[in-house]
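What follows is a set of notes on a single structure, which appears directly below.
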Amino acid sequence: MRLLGIAAGIAAAIVLSSTFTTKLVAADPPLKVALDGTFAPHAMPKLDGGVEGFNVDLANEIGRRLGREMDITAAQWSGLLPALQAGTYDFIVAPTTMTDERAKNLLFTEGYLNTDYQFLVRKGTPEVKSLDEFKDKVISVNKGSAYDKWARGLADKIGWKVESYGTNTDAVQAVLSGRAFANVAGNTVIAWAAKKNPQLQLSYLHSTGRMFSMPFRKGDTEMRNKVENVIECMKLDGTMTKLSEKWFGVTPATGSAAVTVFEGYGPPGMPGHEDSKHTPKCS
């Protein structure tokens, strides 16, 4: 009898162990995602370790709504898209400008933030309403950036002088010290600088028509659509607005990507767009 009892106990333990193992196997594994951990305020080092920022909060909220843990890796920007293609990551949560060229090789969600060029000036500077008003002014830029190339390309037309600095932080300091009239960079980076420096204010916004999106590997349509559904719900329930106000100090304008749900899945008019009407499924 005792032997029978022991055998029954072992059998029960095996069944329980098997059931537990099945549950572990059935559970969805963490989503492996990545971003550039030095691109403030989208992602930047925390004093106690790890990273924080707009895109870190955005990634974690996507994971929460999908019911999936997010395994976030901070790495150099130059290696993110190649690593995605190699299968290292499920998708990229770094702010990535979607372009026709990139859309030929990657699958994108709809845009969630506009990526425009914006100027930063000293507090109290009169409002600038056009690029022409920067004539004869010194404009500071981050050396080698897209803004550096853009500003220099317009130097003869506008009549401004462009000075390049090793980092955008140095370019901002040039405005604070009076060595430059304005600094130009991405609108989110400029908004962050204005929020952190009370002596500065936002100035002219030059619209590019481009947006930040999240890239996936070609063929990963199901996951792209799931993530896009979450992004759309975050736009509709005001979460994206709250994140913008928290990290940029800016309330998204009506019609901007942060509050606009686009038709179908993916960026309209680009490769990978699904022209299918749907209503976001929000819990």
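No value in this document is a laboratory result; all are computed from the given coordinates. Because the structure is predicted, anything quoted here is derived from the model rather than measured. Cβ placement follows ideal geometry from the backbone for every residue including glycine, while neighbour counts extend to all protein chains displayed.
Cβ under 15 Å from LEU176's Cβ, LEU176 left aside: what net charge do those residues give with Lys, Arg +1 and Asp, Glu -1?
Net charge around LEU176: +3.
As an exercise, use a Förster radius of 41 Å and the Cβ-Cβ distance of LYS161 and THR97 to find the FRET efficiency, rounded to the nearest 0.05.
0.90
List, in the order given, every pair from LYS242/LYS277; LYS104/LYS137; LYS104/LYS281; LYS143/LYS196 whose Cα-Cα distance in the structure shown is over 31 Å.
LYS104/LYS137
From a point 7 Å beyond the Cα of LYS218 in the direction of its Cβ, which residues of segment 70-107 have a backbone N at a distance under 12 Å?
What the label zone holds, given the 12 Å backbone N cut-off, is 102-107.
Against the longest alpha carbon principal axis of the chain, how many degrees, from 0 to 90 and to the nearest 10, is the axis of helix 54-66 turned?
Roughly 30 degrees, rounded to the nearest 10.
For segment 157-260, what is the per residue volume of the convex hull drawn over the alpha-carbon atoms, in cubic angstrom?
Working: hull volume 15.3 nm³, N = 104.
Spread over its residues, the Cα hull of segment 157-260 gives 147 Å³ apiece.
What span do the alpha-carbon atoms of segment 117-206 cover on each of the three principal axes, reported in whole Å from largest to smallest?
Between the extreme Cα coordinates on each principal axis of segment 117-206 lie 32, 28, 22 Å.
Which whole-number value in Å³ per residue fits the convex hull of the alpha carbons of segment 108-169? Intermediate results must be reported in sequence, preceding the final value.
Working: hull volume 8.7 nm³, N = 62.
It comes to 140 Å³ per residue, whole-number rounded.
At 222 nm, what helix-only mean residue ellipticity would the chain give, in deg cm²/dmol to the nearest 500, using -39500 (n - 2.57) for each DSSP H run of four or more? Intermediate results must be reported in sequence, preceding the final value.
Values: 10 runs with 105 residues, N = 283.
After summing the helix terms and dividing by residue count, I get -11000 deg cm²/dmol.
With a 10 Å Cβ neighbour count serving as the proxy for reagent exposure, in which order, fewest first, do ASP90, ASP57 appear?
Details: ASP90 21, ASP57 17.
Going from least to most buried by this count: ASP57, ASP90.
For segment 22-91, rounded, prolate or oblate, judged on the Cα gyration tensor with a ≥ b ≥ c (square roots of eigenvalues), a/c < 1.5 rounded, else prolate if a/b > b/c?
oblate
List the equivalent ellipsoid semi-axes of the chain in whole Å, largest first, each obtained as the square root of 5λ for an eigenvalue λ of the Cα gyration tensor.
Ellipsoid semi-axes (Å, largest first): 46, 21, 17.
Mind ranking 119-127, 213-221 by how tightly packed they are, going by the mean number of other C-beta atoms within 10 angstrom, highest first?
213-221, 119-127
Put a dot 7 Å past each Cα toward the Cβ at VAL261 and THR73; how far apart are the dots in nm?
3.4
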